[in-house]
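Trainee: Encoded as structure tokens, here's the structure I'll be asking about.
The values are calculated or read from the model by the stated rules, or taken from the named source; none is laboratory data. Since the structure is predicted, the reported quantities are computational estimates derived from the model, not experimental observations. Virtual Cβ from ideal backbone geometry, glycine too; neighbours counted across all protein chains shown.
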């Protein structure tokens, strides 16, 4: 009987640990150039967001600037871990991505998927920004492509964002990303209702 209980305990442990491993194993680079296996992405039974972007993606920058201001609240309420993965693959673009993250004070982890191997495991869509939401067992709970950009204060964009995207010296401070859908999905995932 003791032997049976021991085997049962080991089986339950193996099953629960298998559920808490990220389902894909791809070699990525962290912001210091160290190789990291995506299989190590965990969050102790709390939601994980894997978010793909690139340094040239203006909507991505606006989105991360907006997420920066709510990330602490999201962590307190849901325990979420946001992992940003840049698709930049040239040294100068990778340096720009690191500079953007530092300059803008983004509190998210930064990795590089230089050959888009992880992205291709997750989707056939290469559009960015692209967010993948995982539940406590690291099972896909939803994804969102794009970013809903508005002028700060919620007013409709009258084309000025399009102008800002075409002018690399333009200021992005007047824009924000509507994150309501992200927040609602995170709350559902944290509550176990997705």
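Trainee: Could we say that residue 154 is under 25 Å from residue 75 (Cβ atoms), assigned to a loop (DSSP other than H, G, I, E, B), over 15 Å from the mean Cα position of the chain (by Cα) and at pLDDT below 95 here?
Mentor: yes
Trainee: Next question, about the same structure. Residues to consider are 181, 176; find the one that is within 15 Å of residue 67 (Cβ to Cβ), touching a strand residue (DSSP E or B) at 6+ places or on another chain (Cβ under 7 Å), surrounded by fewer than 16 Cβ atoms within 10 Å (Cβ to Cβ) and at pLDDT 70 or above. I'd like the intermediate steps shown before the answer.
Mentor: Details: 176 fails: surrounded by fewer than 16 Cβ atoms within 10 Å (Cβ to Cβ).
The conditions single out 181.
Trainee: Still on this structure: Considering (1) over 16 Å from residue 179 (Cβ atoms); (2) surrounded by fewer than 20 Cβ atoms within 10 Å (Cβ to Cβ); (3) in contact with a helix residue (DSSP H, G or I) (Cβ under 8 Å, 6 or more places away or on another chain), say which one residue 70 fails and leave the rest.
Mentor: Failing condition for residue 70: (1).
Trainee: Which residue is modelled with the highest pLDDT, if the candidates are limited to the stretch 164-173 and must be in a loop (DSSP other than H, G, I, E, B) and farther than 9 Å from residue 62 by Cα?
Mentor: My answer is 171.
Trainee: Do any residues in the stretch 137-152 that are on the phi > 0 side of the Ramachandran plot and crowded, with 16+ Cβ neighbours inside 10 Å have Cβ atoms under 6 Å from those of residues that are in a strand (DSSP E or B) and modelled with pLDDT of 95 or more, where the two are at least six apart or on different chains, and which pairs are they?
Mentor: Pairs found: 142/133.
Trainee: Taking the stretch 119-136 on its own, how many of its residues are in a loop (DSSP other than H, G, I, E, B), under 14 Å from residue 189 (Cα atoms) and at pLDDT 95 or above?
Mentor: Total meeting the criteria: 1.
Trainee: With respect to the numbered conditions (1) modelled with pLDDT of 95 or more; (2) at negative phi; (3) in a loop (DSSP other than H, G, I, E, B), which one is the sole condition not fulfilled by residue 75?
Mentor: The failed condition is (3).
Trainee: Scan the stretch 103-136 residue by residue and report those that are buried (at least 17 other Cβ atoms within 10 Å of the Cβ) and within 16 Å of residue 177 (Cα to Cα).
Mentor: 106, 128, 129, 130, 131
Trainee: Which strands (runs of 3 or more DSSP E) sit wholly inside the stretch 19-66 and have at least 2 residues that are buried (at least 19 other Cβ atoms within 10 Å of the Cβ) and in contact with a strand residue (DSSP E or B) (Cβ under 9 Å, 6 or more places away or on another chain)? Reasoning before the result, please.
Mentor: Values: elements: 27-30, 35-37, 48-53.
Filter on the stretch 19-66 gives 48-53.
Trainee: Among the residues of the stretch 88-99, count how many are buried (at least 19 other Cβ atoms within 10 Å of the Cβ) and either part of a helix (DSSP H, G or I) or in contact with a strand residue (DSSP E or B) (Cβ under 6 Å, 6 or more places away or on another chain) (or both). Give the derivation first.
Mentor: Going residue by residue through the stretch 88-99, those that are buried (at least 19 other Cβ atoms within 10 Å of the Cβ) are 88, 94, 97.
Retained after the next criterion (residues that are either part of a helix (DSSP H, G or I) or in contact with a strand residue (DSSP E or B) (Cβ under 6 Å, 6 or more places away or on another chain) (or both)): 94, 97.
So the answer is 2.
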